[in-house]
Amino acid sequence: MLSISECKIGMTAELEKSFSSEDVNIFSKLSGDVNPVHLDDDYAKNTMFGARIVHGALASSVFSTIFANILPGAGCIYLKSENKFLKPIYLNELITFKIEVIDIIKEKSRVVFKTVATSGDKVFIIGTAELYLPE
């Protein structure tokens, strides 16, 4: 894991991920979110989305995966996040999740990241996250 003193503004990391029907079904069971727009093909095709979509919370959880495993790494503590969901993510759609260091608050051992999920020129999620990094 990077320490707070090793973090630099502009550092980035990314991960590509798609979500299968099984992923969505498992998340639904774990979270208790059984909204049929995520689970029922017949229901979802009659919504404004036209097909089943991935839970926003499931998609945005990939940022936590990046934080824990890539940048800054194991041992960081996820304190706060804010996400804006701009477009639906459909089953099996390959999405690039990217984080970027945008602020470092050394006196509090905190790092602020920009978070974004894209595919091509489409932006699905934008937001920020704040993490605690021990020295």
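In table form, for the structure just shown:
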{"item": "Fraction of accessible area attributable to carbon and sulfur, segment 47-104 (%, probe 1.4 Å)", "result": "54"}
{"item": "C-alpha center-to-center spacing [segment 43-63, segment 75-135] in angstrom", "result": "19"}
{"item": "Per DSSP, loop trypsin sites (Lys or Arg not before Pro) in segment 6-66 with at most 16 further Cβ within 10 Å", "result": "Lys8"}
{"item": "Estimated 222 nm signal from helices in the chain, with DSSP H stretches of n ≥ 4 weighted -39500 (n - 2.57), rounded to 500", "result": "-7000 deg cm²/dmol"}
{"item": "Cα-based convex hull, segment 9-92, per residue volume (Å³, whole number)", "result": "119"}
{"item": "Accessible area of the chain divided out per residue, in Å², using a probe of 1.4 angstrom", "result": "55"}
{"item": "Neighbourhood charge, 9 Å Cβ-Cβ cut-off, centred on Ala51 and excluding it, Lys, Arg +1 and Asp, Glu -1", "result": "+1"}
{"item": "Cross-link pairs Lys84/Lys122; Lys45/Lys122; Lys8/Lys122 - those with Cα-Cα distance over 20 Å", "result": "Lys45/Lys122; Lys8/Lys122"}
{"item": "Average silhouette area of segment 53-135, convex hull of alpha-carbon atoms, in square nanometres", "result": "5.3"}
{"item": "GNM flexibility winner over the chain from Asn83, Asn46, Asn25 (Cα, springs under 10 Å)", "result": "Asn46"}
{"item": "Residues Asp42 and Ile126, FRET efficiency given R0 of 41 Å [Cβ-Cβ distance, rounded to 0.05]", "result": "0.85"}
{"item": "Neighbourhood charge, 10 Å Cβ-Cβ cut-off, centred on Lys122 and excluding it, Lys, Arg +1 and Asp, Glu -1", "result": "-1"}
{"item": "Tilt relative to the chain, helix 21-31 - C-alpha long axis, 0 to 90 degrees, to 10", "result": "70"}
{"item": "By accessible area with a 1.4 Å probe, ligands and nucleic acids excluded, highest first: order of Cys7, Cys76", "result": "Cys76, Cys7"}
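The values are calculated or read from the model by the stated rules, or taken from the named source; none is laboratory data. As the structure is a computational prediction, the values presented were derived from the model and not from experiment. Note that each Cβ is placed from the backbone with ideal geometry, even for glycine, and that neighbours are counted across all protein chains shown. What goes into the accessible areas is simple: the full protein's heavy atoms, side chains included, and nothing from ligands, DNA or RNA. Shrake-Rupley method; radii C 1.70, N 1.55, O 1.52, S 1.80 Å.
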